[in-house]
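Data first, discussion second: the structure below is written as structure tokens.
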Amino acid sequence: MLKVRVIPTLLWKEFGLVKGVGFDSWRRVGPVLPSIKVYNKREVDELVLVDILANSANEELDYVSVADFSQDCFVPFSVGGGIRNPNQVQRLLSAGADKVTINTAAFENPDLISAIARQHGVQCVVGSVDVRYTGNKAWRCFSHSGKTDTRKDVGEHVRQLEASGAGEILITSIDRDGTMSGYDLELIETVVNAVKIPVIASGGAGSYQDMVDAVLKTGASAVAAASIFHFTHLTPSGAKEVMQAAGIPIRKNYIKK
């Protein structure tokens, strides 16, 4: 098993960070830059920053802010939200992003993933997928921050993302988002079994054990979380200690002896 990553997710809305439940009822968390500085000290493996309004606006992406954030981010930095063409990806990478996450645009322009992978390599592009449970062990993909039903089955879509050149999948359960009731393990296992690329579990983490279960019971390669780190005393370093004790390989150099 490869070393498993712990990845805080930062949802950026206008002038700061927010977190909601089920992609709704947004609650202010605070400014972006102080959060990044705090996470630098909390032994995270990566950070994901997503502008949740950018996919509904026609304005250009905020490259200046991304450049400011990246100067104080000392771990791999993935940026998403509103990316529609390869030129924007190049500008984000020049601004300091290490990867991009593509969600809505993968439905509107399936060739975008391929274009990014050709220009920058598969390691640069994360296929982000938000889903709702439809019953009978089936999930449907939603775009535009969970507002638009694409009518696509999750298994079909993640296989297409992999075929197009995505280097990994970030799978988020909208139903579990912000509830801290645990990941949807059946969903994660379904996605892990559908593709051969790494899968990042997201949506619902409420305890360290939830993270352990997402890895040991489903085969996820990484765990992403937001509410658990924003609103509880639990930390990424604490998560890694518990995961290591459970026999999960993590980046041991981050663990204080």
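The values are calculated or read from the model by the stated rules, or taken from the named source; none is laboratory data. As the structure is a computational prediction, the values presented were derived from the model and not from experiment. We place every Cβ from the backbone using ideal geometry, glycine too, and count neighbours over all the protein chains shown.
Taking the criterion of being closer than 24 Å to Val18 by Cβ, out of contact with any strand residue (DSSP E or B) (no Cβ under 7 Å at 6 or more places or on another chain) and of a type in the set (A, V, I, L, M), would at least one residue in the stretch 193-214 satisfy it? Checked the stretch 193-214: no residue is closer than 24 Å to Val18 by Cβ, out of contact with any strand residue (DSSP E or B) (no Cβ under 7 Å at 6 or more places or on another chain) and of a type in the set (A, V, I, L, M). For the stretch 160-257, the helices (runs of 4 or more DSSP H) that sit wholly inside it and include 2 or more residues that are under 30 Å from Arg118 (Cβ atoms) and out of contact with any Cys (no Cβ under 9 Å at 6 or more places or on another chain) are 185-194. Within the stretch 50-84, the residues that satisfy the criterion of being within 17 Å of the chain's Cα centre (by Cα) and touching a residue at least 40 places away in the same chain (Cβ under 8 Å) are Val50, Ile52, Leu53, Asn55, Ser78, Gly80, Gly81.
Can you say whether Ala205 is under 24 Å from Arg27 (Cβ atoms), of a type in the set (A, V, I, L, M), at pLDDT below 95 and touching a Ser or Thr at 6+ places or on another chain (Cβ under 9 Å), as far as the supplied structure shows? Steps first, answer last, please.
Working: under 24 Å from Arg27 (Cβ atoms): yes; of a type in the set (A, V, I, L, M): yes; at pLDDT below 95: no; touching a Ser or Thr at 6+ places or on another chain (Cβ under 9 Å): yes.
Judged against the criteria, Ala205 is not a match.
Wholly within the stretch 1-109, which helices (runs of 4 or more DSSP H) include no fewer than the required count, namely at least 1 residues that are surrounded by 14 or more Cβ atoms within 10 Å (Cβ to Cβ) and modelled with pLDDT under 90? Quick ask: steps written out before the conclusion?
Details: elements: 32-40, 63-71, 86-95, 104-108.
Those helices (runs of 4 or more DSSP H) span 32-40.
Note on the stretch 113-142: residues that are hydroxyl-bearing (Ser, Thr, Tyr) and farther than 18 Å from Gly178 by Cα total 2. Can you confirm whether Gln119 is under 21 Å from Leu61 (Cβ atoms), part of a helix (DSSP H, G or I) and among the polar types (S, T, N, Q)? Criteria met by Gln119.
Would you say Ser114 is touching a residue at least 40 places away in the same chain (Cβ under 8 Å) and more than 24 Å from Leu10 (Cβ to Cβ)? Outline the logic, then answer.
Values: touching a residue at least 40 places away in the same chain (Cβ under 8 Å): yes; more than 24 Å from Leu10 (Cβ to Cβ): yes.
Answer is yes for this residue.
Would you be able to tell me the number of residues in the stretch 110-137 that are within 23 Å of Leu185 (Cα to Cα), of a type in the set (Gly, Ala, Ser) and at pLDDT 95 or above? Give the derivation first.
Filtering the stretch 110-137 for residues within 23 Å of Leu185 (Cα to Cα) gives 126-137.
Those left that are additionally of a type in the set (Gly, Ala, Ser): 127-128, 135.
Checking the rest, the ones that are also at pLDDT 95 or above come to 127-128.
The qualifying residues number 2.
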